[in-house]
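Participant: I'd like to ask some things about the structure below.
The values are calculated or read from the model by the stated rules, or taken from the named source; none is laboratory data. Model, not experiment: these values are computed from the prediction. Methodologically, a virtual Cβ is constructed for each residue, glycine included, from the backbone with ideal geometry; neighbour enumeration extends over all protein chains shown. Side chains included, ligands, DNA and RNA excluded: accessible areas come from the protein's heavy atoms. Shrake-Rupley method; radii C 1.70, N 1.55, O 1.52, S 1.80 Å.
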Amino acid sequence: DYGNSNTEVRGRFVAAFVYEPQTHFHGIKDYALGGWRIAPLVQAQTGLPYSPFVSGSISGTISVPDDGTDGCTAAIAVKGVCSAAAAGTGLNGAGSSADRLPWIGRNSYNYPNTVVFDTRLGKNFYIHASHFENARFEVFAEVFNAMNHQNITGLTDEAYTISGTKLTPFSGFGTYSNSNSTYTYSPRQVQLAARLHF
């Protein structure tokens with residue numbers, strides 16, 4: 001069952017930086033205009049792979065030639081053919097639990113690419129007091145998926161349906177069924193926090 005890994009990511013880009021402008025204000029101006037810090041984070045990657053599958057099972061009979069296939073010989077054939085059981089419940093033969101067509105490779109399709117932009121905006125208040133020279137009080141807001149980008153987290157991977165010996169393409173294959181519904185990918189979220197560094 002050779003194929004791509006379930007966690008294969010062909011391309012991934014991550015960029016992050018922290019910027020805090022240096023200011024030289026004093027007093028009230030310093031509290032209002034100094035100590036600001038912004039820290040954005042961008043993550044983009046190609047979509048994870050998935051396998052198209054077939055629903056249903058093969059049943060009924062098929063016609064085979066009298067060349068020895070499935071035990072069909074000229075002595076028992078009627079007009080050169082015999083009736084033989086189909087593959088049974090397994091797509092790739094009796095007893096098989098495979099639900100993928102043999103000519104479609106495992107994990108040969110991919111989810112859409114994903115993009116997440118997170119950022120943090122904070123304000124530092126430096127404490128100028130004896131024994132607390134290195135202390136600072138920080139308030140900040142963090143925004144996750146700031147652009148509220150739709151990252152697909154579920155889609156229809158049923159590619160075909162089979163009934164009897166008839167294979168029919170499924171029209172809904174590849175349609176999106178869910179987005180931003182996991183721990184990694186979620187709708188835009190904002191949290192506010194405060195922290196004392198000492």
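Participant: Looking only at segment 155-182, how many residues end up being under 19 Å from Asn113 (Cβ atoms), assigned to a strand (DSSP E or B) and either of a type in the set (Phe, Trp, Tyr) or touching a Phe, Trp or Tyr at 6+ places or on another chain (Cβ under 7 Å) (or both)?
Facilitator: Counting residues in segment 155-182 that are under 19 Å from Asn113 (Cβ atoms), assigned to a strand (DSSP E or B) and either of a type in the set (Phe, Trp, Tyr) or touching a Phe, Trp or Tyr at 6+ places or on another chain (Cβ under 7 Å) (or both) gives 2.
Participant: If you don't mind, another one. Could you go through segment 131-138 and let me know if any residue there is over 29 Å from the mean Cα position of the chain (by Cα) and among the basic types (Lys, Arg). I'd like the intermediate steps shown before the answer.
Facilitator: Applying the first criterion (over 29 Å from the mean Cα position of the chain (by Cα)) to segment 131-138 yields 131-138.
Narrowing the set further to residues that are among the basic types (Lys, Arg) leaves 136.
So far as segment 131-138 goes, yes, one or more of its residues are over 29 Å from the mean Cα position of the chain (by Cα) and among the basic types (Lys, Arg).
Participant: Thr119 fails exactly one of the following numbered conditions: (1) open to solvent by less than 60 Å² (accessible area, probe 1.4 Å); (2) within 30 Å of Gly3 (Cβ to Cβ); (3) in contact with a Pro (Cβ under 8 Å, 6 or more places away or on another chain). What is the number of that condition?
Facilitator: Here Thr119 clears every test but (2).
Participant: Give just the number: which of (1) exposed (fewer than 15 other Cβ atoms within 10 Å of the Cβ); (2) not in a loop (DSSP other than H, G, I, E, B) does Phe132 not satisfy?
Facilitator: All conditions pass for Phe132, except number (2).
Participant: For segment 185-198, how many residues are in a loop (DSSP other than H, G, I, E, B) and touching a residue at least 60 places away in the same chain (Cβ under 8 Å)?
Facilitator: 2
Participant: Got a sec? Which of Thr73, Thr7 is open to solvent by 50 Å² or more (accessible area, probe 1.4 Å), touching a residue at least 40 places away in the same chain (Cβ under 8 Å) and either part of a loop (DSSP other than H, G, I, E, B) or under 30 Å from Asn107 (Cα atoms) (or both)?
Facilitator: Result of the check over Thr73, Thr7: Thr7.
Participant: May I pose another question? Restricting to segment 20-47, give me the number of residues that are without any contact (Cβ under 8 Å) to a residue 60 or more places away in the chain and either among the hydrophobic types (A, V, I, L, M, F, W, C) or within 30 Å of Leu155 (Cβ to Cβ) (or both).
Facilitator: So the answer is 4.
Participant: Out of curiosity, is Ser55 assigned to a strand (DSSP E or B), free of Cβ contacts under 8 Å to residues at least 24 places away in the same chain and over 30 Å from Phe144 (Cβ atoms)?
Facilitator: no
Participant: Quick check: anything in segment 137-152 closer than 30 Å to Asp1 by Cα, in contact (Cβ under 8 Å) with a residue 40 or more places away in the chain and not in a loop (DSSP other than H, G, I, E, B)?
Facilitator: Looking for residues that are closer than 30 Å to Asp1 by Cα, in contact (Cβ under 8 Å) with a residue 40 or more places away in the chain and not in a loop (DSSP other than H, G, I, E, B), one finds at least one in segment 137-152, hence yes.
Participant: Here's another thing I want to ask about it. Can you tell me which of (1) at pLDDT 85 or above; (2) open to solvent by less than 60 Å² (accessible area, probe 1.4 Å); (3) over 24 Å from the mean Cα position of the chain (by Cα); (4) not hydrophobic (A, V, I, L, M, F, W, C) is the one Gly90 doesn't meet?
Facilitator: (1)
Participant: Identify the residue in segment 173-198 that is open to solvent by 70 Å² or more (accessible area, probe 1.4 Å) and of a type outside the set (S, T, N, Q) and, among all such residues, is farthest from Asn110 (Cα to Cα).
Facilitator: Phe198
Quick grid of which residues meet (1) at pLDDT below 95; (2) open to solvent by 50 Å² or more (accessible area, probe 1.4 Å); (3) under 28 Å from Val14 (Cβ atoms):
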site	(1), (2), (3)
Asn110	no, yes, yes
Val115	no, yes, yes
Phe125	yes, yes, no
His128	yes, yes, no
Phe137	yes, yes, no
Glu142	no, no, yes
Gly164	yes, no, no
Ser171	yes, yes, no
